[in-house]
Amino acid sequence: MSDFVVIIIHPPAVYDFRRKPLFPGAMASTVERMQFNKVPIGMLSIAEFLDRHGYKVIVDNLCDRMITIPGFDVERHLKSYSARVFAIGLNFQQHSQGAVEIARMCKKLHPGAQVIMGGLTATRFHTEIIRKYPFVDGVVRAEGEKPMLQLMRTLEAHGRITATPNLTYKDNDGKICVSPLMPASKDLDEFEFTRFDLIDPKTSIFLPDETNRWSLAVCRGCIHNCAICGGSAYTYKKYMGMAQPAFRSPAKIVADMKQIISQGVQFVGLYQDPRMAGKKYWQTLLDTLIKEKPEFERLSLDLLVPADEDFIREIAKIDRRIILHLCPDTGCDAIRNRLGRRYSTEKLIETIKLCHKYRIPVTNFFSVGLAGETEQEVKKTWKLWAELDMMNHEAMARGDFGDIVNTVPIGGQVLGPIVLDPGSQAFDSPEQFGYKLLYKNLEDYIHGLSQPVWDQWLNYETEHLDRDAIVDIIHKSIEFTIDQREKHGFFSPPEAYYERCRVEADRVIIQETKNLMKIKDTREREMRIISMRRNLDNLEKQRMSFLD
């Protein structure tokens, strides 16, 4: 075992969220969702790969420590480490501000250590990171397992960063160097994703009084090209060097499921659609699940496109509590096709009817503010939403979904997309796809995501809708969903009333913040924003007290 210690850090989205008043509004209902406290499973596979090859590794969920431990001192905690490498994750753009601030702090506290960043967003902005942030010594682009191992071995041998695969860094003369990518993985069987012992703390996995859940990947990559998605085939090919997805074998997936179940996970999510690998692959996966019978309480599966009866019938043979996820995004076929989801509403409904025939509930996720949309198109989404609600209501009345009826939402939140993912087609070529970028680089993101109110976190406008119009339609869509949830019994009248109050309060907050930002006295402006946050917190306490 090498004495070379590597600390892999999952940062909060916004470093100073505990002292800075934030108004996430439509973005999130809890601080956990707002800060994205779940560790990406890629961090776990990188940690396991380094551990397997003799390096001492800790995956530090710093974000979750800051959420769950009152008075947690971040600087004191980071200073306590004695490590040669601090690797900070910047996979999702929401973590831009938090990742950069934690990287800055690590270099300040450990000037002799190497500070590395990695992840999809870091990959997209790799040269900007090295150029603008001198406290970051290198960015590992694309896949991280093998490049990180190569980097560790080079650092251990030479004591400094030199050219290793997938690395962007500065040489001794200050020149930015971009090393070539190593060949992408052909499959994922050589990696492991279940080493919970390497994560500290584990509070985002094992939640008190809630169902413990964890997601596993069917593959890395995608065959579809949704315009706003940073995990599309386009993005993986251009930035990850991956021309086609790398799949994990069915046997490995089921073994992973058994492993995490043995560690206390009850709700297993398989993300990415197994049909992308063809019928032989998905049939083998489902046959293995049926044969091995992993003892999960619930299993969720992604459908990236509508399914035929052969596939749904085989899923039903698992004979356990299954939930399927579809993401139609919109009720308008033309908008959905422009987005890159090339299927009709008719096909969507046919699939949901098939699922109900085999007693499988479906969660549908929608978006607002897509290119080409006006309020008229959004009303088509509301119409489809209402139709799907009625289908679910009738299925639940028949008892089709058994004892999981109360855990199945009647559709996804109509709240996004909140951002265009960096590296997506729409981000790289916004005009071609009907968008106008408001944040074009990482520094823009950091500034925008540091603003107190969620409307400023939107990084785009469309050809038909400016930011204010998008926010207005999101608010109207939330009010529509409240009406629907009250109609179908998911909200009691008091709950629905307070949810509507929250929407109205959000409208007031957005407008009032715009007024407050005009105040030149920084201290007065901050005190007024803090006061507004306290008033909103008091409203929330009243809501909870009334409902209790």
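Readers should treat all values here as calculations from the given coordinates under stated rules, not as data from a laboratory. Source: prediction; values computed, not measured. Methodologically, a virtual Cβ is constructed for each residue, glycine included, from the backbone with ideal geometry; neighbour enumeration extends over all protein chains shown.
Pairwise over distinct Cα atoms, reciprocal of the mean inverse distance: report the Kirkwood radius of segment 346-389 in Å, one decimal place. Could you put the intermediate results ahead of the total?
Values: mean 1/r = 0.0853 Å⁻¹.
About 11.7 Å, per the Kirkwood formula over Cα pairs.
For Pro250, what is the net charge nearby, where nearby means another residue's Cβ is under 15 Å from its Cβ and Lys, Arg count +1, Asp, Glu -1? Before the final figure, lay out each step's value.
Working: positive: Arg248, Lys252, Lys258, Arg275, Lys279, Lys280, Lys291, Lys293, Lys317; negative: Asp187, Asp189, Asp256, Asp273, Asp287, Glu292, Glu314.
Cβ neighbours under 15 Å give a net charge of +2.
Before anything else, pin down the relative contact order of the chain: Cα pairs under 8 Å, at least 6 apart, normalised by residue count, whole percent. Walk me through the numbers on the way to the answer.
On the way: 948 pairs, mean separation 67.6, N = 548.
Relative CO of the chain lands at 12 percent.
Given contacts defined as C-alpha pairs under 8 Å and at least six residues apart, what's the relative contact order of segment 211-416, whole-number percent?
Values: 319 pairs, mean separation 35.9, N = 206.
The normalised contact order for segment 211-416 reaches 17 percent.
Tally the DSSP beta bridges in the chain and give the antiparallel ones as a percent, rounded to 5. It would help to have the intermediate numbers written out before the result.
Details: 11 of 52 bridges.
Close to 20 percent.
Between Gln263 and His464, what is the FRET efficiency for a Förster distance of 60 Å, r being their Cβ-Cβ separation, to the nearest 0.05? Working shown, then result.
Values: r = 49 Å, r/R0 = 0.81.
About 0.80, to the nearest 0.05.
When the scattering of segment 5-178 is computed by the Debye formula from its Cα atoms alone, each counted once and equally, what is log10 I(q)/I(0) at q = 0.14, 0.15, 0.17, 0.18 Å⁻¹?
These q points yield log10 I(q)/I(0) values of -0.70, -0.80, -1.03, -1.15.
Roughly how many whole Å is it from the C-alpha centroid of segment 291-361 to that of segment 456-528?
Going from one Cα centre to the other spans 31 Å.
Apply the Kirkwood formula to the chain: the hydrodynamic radius equals the inverse of the mean of 1/r over all pairs of different alpha-carbon atoms; give it in Å with one decimal. Don't jump to the answer; show the numbers that get you there.
Details: mean 1/r = 0.0405 Å⁻¹.
With all distinct Cα pairs of the chain included, I get 24.7 Å.
Rg/Rh for segment 211-416 to two decimals, with Rh computed the Kirkwood way over all alpha-carbon pairs. Each step should come with its number before you reach the end.
Details: Rg = 17.2 Å, Rh = 17.9 Å.
Here the Rg-to-Rh quotient is 0.96.
Taking a label point 7 Å from the Cα of Lys476 along the Cα→Cβ vector, which residues of segment 355-395 have an amide N closer than 17 Å to it?
Under cut-off, by backbone N: 367-386.
Go through Lys107/Lys440; Lys383/Lys476; Lys379/Lys440 and tell me which ones have a Cα-Cα distance over 20 Å in this structure.
Working: Lys107/Lys440 26 Å; Lys383/Lys476 14 Å; Lys379/Lys440 30 Å.
Listed pairs above 20 Å: Lys107/Lys440; Lys379/Lys440.
Using a Förster distance of 30 Å, how high is the FRET efficiency between Gln432 and Arg398, based on the Cβ-Cβ distance and rounded to 0.05?
On the way: r = 46 Å, r/R0 = 1.55.
So, using R0 = 30 Å, E works out to roughly 0.05.
Can you compute the FRET efficiency between Met527 and His447 using 1/(1 + (r/R0)^6), with r the Cβ-Cβ distance and R0 = 22 Å? Round to the nearest 0.05. If you can, show how the numbers build up before the last one.
Working: r = 22 Å, r/R0 = 1.00.
About 0.50, to the nearest 0.05.
Please compute P(r) over all alpha-carbon pairs of segment 283-400, binned at 5 Å starting from zero, and give each bin as a whole-number percent.
Histogram of Cα-Cα distances, whole percents per bin: 2, 11, 21, 21, 17, 12, 9, 5, 2, 0.
Just the isolated ones, please: cysteines in the chain lacking another cysteine beta carbon under 4.7 angstrom.
Cys63, Cys106, Cys177, Cys219, Cys222, Cys327, Cys332, Cys355, Cys501
Could you pull out the pairs from Lys238/Lys436; Lys132/Lys202; Lys146/Lys186 whose alpha carbons sit more than 23 Å apart here?
Result: Lys132/Lys202 exceed 23 Å.
Considering the options His126, Asn515, Met276, tell which one lies farthest towards the positive end of the dipole of the chain, charges being +1 on Lys and Arg and -1 on Asp and Glu at the Cβ, about the Cα centre.
With unit charges placed on the Cβ atoms, the residue in question is His126.
Using only the alpha carbons, work out the radius of gyration and Dmax of segment 468-548 in angstrom.
My reading of the Cα-based Rg and Dmax gives 15.3, 49 Å.
For the chain, which DSSP H helices look membrane-span-like by this rule: Cα extent along the axis of 15 Å or more and mean Kyte-Doolittle of at least 0.5?
Details: long enough: 41-52 (16 Å, 0.87); 96-109 (20 Å, 0.00); 145-158 (20 Å, -0.53); 250-262 (18 Å, 0.46); 279-292 (19 Å, -0.71); 345-357 (18 Å, -0.32); 375-397 (32 Å, -0.83); 467-487 (30 Å, -0.53); 493-516 (34 Å, -0.88); 522-547 (38 Å, -1.11).
Membrane-span-like by this rule: 41-52.
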